[in-house]
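**Student:** Attaching a single structure in structure tokens format; questions to follow.
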Amino acid sequence: MLDSFGIGALPDAAKYGDVGACTIDSVRGHKCFSTPVMQSLGLFNINGVGGGVESPKGVYARVAERSNGKDTIIGHWELCGIVSDKDLPTYKNGFPREIIEKFKRITGREVLCNKPYSGTEVIKDYGMQHIETGALIVYTSADSVFQVAAHEDVVPVGELYRYCEAAREMLVGEHSVGRVIARPFVGEDGSFTRTANRHDYALKPPARTVLNDIKDAGKQVIAIGKINDIFAGEGISEYTKTKNNADGMEKTEMMLNRDFEGLCFTNLVDFDQQYGHRRNVQGYAAALTEFDRWLGAFIEKLGENDVLIITADHGCDPAYTAHTDHTREYVPMLMYGRGIKPKNLGLLNSFADIGKTVCALLSVESS
């Protein structure tokens, strides 16, 4: 999962303020962008992308999202079979007073900010006040998230996690946000930085997913990166966290040496978190180039029965100026295996088609 690698605005993009967004077009012209391996698989042969090769090596498709929303949770859920008719709640003016007051009672601490904010800017603007008062920095974004930032020397990581667990239990009903996120940071005024101790507390999927189907069939579901958090552990056999894209790629490659039957599901979050939201075209282009270089060697190591699928969960156009949030886009699907015949699948009408394909490849009946 190349988190946020969109390939063009969906027909309903206007509803989300995303008319004209196209993540791939915003990065493909940058001098740092070079993805010959994905190109050889058919990335640019996908309908509407342009610039394809004569004989792609993989199966490729343009994939539309049926669910309402452009959130990480919604995108991953749909890929695994859950189509969401209703957007998860968002808070463009901050959380209601009753939510904040309840959180203050639960934690015994005051609250700062309570507005949509950039995660790096919020600690810059509120970090010192937090250190001086011990109050928690609570903020949100255009996504369905309740984020809590705290300095690790003021609020130990374990304590911050407990606060976020309590918030997850508190946020139910109409306030069932997709994720509660612990955002620890360190450093001094003027040089605060977020740490790798982030932890997501996701809303549990409202129904079974293909992950449950695969696991219940006696096969393994190995989650790498934030996949376990996104699914609240549902349908996961084992998981490992990652620090960044490079760490995620390394841990995915290690799975090639494992003798297992099932699914290894990896999320590479830097595209979204480090470059998309921060509107960093050069960083996004360079990260795709880095992935593509790794991909070439990875493909060579695939076994006879291994199948690789590359896709995304939404867009996050790093050149889009109307806002700094996700963008409502089609996503690519590339599939490669030594026994897979190359083919253009055209347009798939739901991310869920990818999950069904995974089940078919594993001879598992999907829900």
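**Student:** I'm told residue 6 meets every condition in (1) closer than 21 Å to residue 292 by Cα; (2) open to solvent by 50 Å² or more (accessible area, probe 1.4 Å) except one. Can you identify the failing condition by its number?
**Tutor:** All conditions are met except number (2).
**Student:** Do you know which of the residues in region 314-332 that are open to solvent by 10 Å² or more (accessible area, probe 1.4 Å) and of a type in the set (A, V, I, L, M, F, W, C) is modelled with the lowest pLDDT?
**Tutor:** Just the residues of region 314-332 that are open to solvent by 10 Å² or more (accessible area, probe 1.4 Å), to begin with: 319-325, 330.
Next, only the ones that are of a type in the set (A, V, I, L, M, F, W, C) stay: 319, 322.
Numbers: 319: 98, 322: 93.
The extreme case among them is 322.
**Student:** Has region 273-285 got at least one residue that is open to solvent by 40 Å² or more (accessible area, probe 1.4 Å), within 30 Å of residue 19 (Cα to Cα), touching a helix residue (DSSP H, G or I) at 6+ places or on another chain (Cβ under 8 Å) and in a helix (DSSP H, G or I)?
**Tutor:** yes
**Student:** Within region 249-260, is even one residue over 23 Å from residue 221 (Cβ atoms), in contact with an Asp or Glu (Cβ under 8 Å, 6 or more places away or on another chain) and assigned to a helix (DSSP H, G or I)?
**Tutor:** No, that holds for no residue.
**Student:** Right, here's the next one. Just to be sure, is residue 64 touching a residue at least 40 places away in the same chain (Cβ under 8 Å), within 27 Å of residue 185 (Cβ to Cβ) and surrounded by fewer than 23 Cβ atoms within 10 Å (Cβ to Cβ)?
**Tutor:** No: the conditions fail for residue 64.
**Student:** Restricting the search to region 233-272, which residues are within 15 Å of the chain's Cα centre (by Cα), open to solvent by 40 Å² or more (accessible area, probe 1.4 Å) and under 22 Å from residue 205 (Cα atoms)?
**Tutor:** Across region 233-272, the qualifying residue is only 241.
**Student:** Can you tell me which of (1) open to solvent by 30 Å² or more (accessible area, probe 1.4 Å); (2) touching a residue at least 60 places away in the same chain (Cβ under 8 Å) is the one residue 53 doesn't meet?
**Tutor:** That leaves (2) as the condition not met.
**Student:** Of the residues that sit in region 103-141 and are open to solvent by less than 20 Å² (accessible area, probe 1.4 Å) and small (Gly, Ala, Ser), which one is farthest from residue 92 (Cα to Cα)?
**Tutor:** 134
**Student:** Continuing with this model, one more query. Are any of the residues in region 104-118 modelled with pLDDT of 95 or more and within 30 Å of residue 235 (Cβ to Cβ)?
**Tutor:** Taking every residue of region 104-118 in turn, at least one turns out to be modelled with pLDDT of 95 or more and within 30 Å of residue 235 (Cβ to Cβ).
**Student:** Determine which single condition residue 322 fails, assuming it passes every other condition in (1) within 24 Å of residue 212 (Cα to Cα); (2) not acidic (Asp, Glu); (3) not in a helix (DSSP H, G or I).
**Tutor:** (1)
**Student:** On to the next question. Write out, first by first residue and then by second, each pair whose Cβ atoms fall under 8 Å of each other, whose residues are 6+ apart or on separate chains, and whose first residue, in region 342-362, is over 20 Å from residue 39 (Cα atoms) while the second is open to solvent by 70 Å² or more (accessible area, probe 1.4 Å) and not acidic (Asp, Glu).
**Tutor:** These pairs meet every condition: 349/66; 350/66; 351/66; 352/66.
**Student:** Something else now. Scan region 217-230 residue by residue and report those that are farther than 13 Å from residue 265 by Cβ and either at pLDDT below 95 or crowded, with 22+ Cβ neighbours inside 10 Å (or both). Before you say what the answer is, go through the steps one by one.
**Tutor:** Going residue by residue through region 217-230, those that are farther than 13 Å from residue 265 by Cβ are 217-218.
Answer for region 217-230, where residues must be farther than 13 Å from residue 265 by Cβ and either at pLDDT below 95 or crowded, with 22+ Cβ neighbours inside 10 Å (or both): there is none.
**Student:** Looking only at region 341-360, count every residue that is open to solvent by less than 40 Å² (accessible area, probe 1.4 Å) and assigned to a loop (DSSP other than H, G, I, E, B) and tell me the total.
**Tutor:** Within region 341-360, the subset open to solvent by less than 40 Å² (accessible area, probe 1.4 Å) is 346, 348, 350-352, 354-355, 358-359.
Adding the requirement that they be assigned to a loop (DSSP other than H, G, I, E, B) leaves 350-351.
Total meeting the criteria: 2.
The values are calculated or read from the model by the stated rules, or taken from the named source; none is laboratory data. All figures in this text were calculated on a predicted structure; none of them were measured in a lab. For neighbour counting, all protein chains shown are included, and Cβ atoms are generated from backbone atoms with ideal geometry for every residue, glycine included. Side chains included, ligands, DNA and RNA excluded: accessible areas come from the protein's heavy atoms. Shrake-Rupley method; radii C 1.70, N 1.55, O 1.52, S 1.80 Å.
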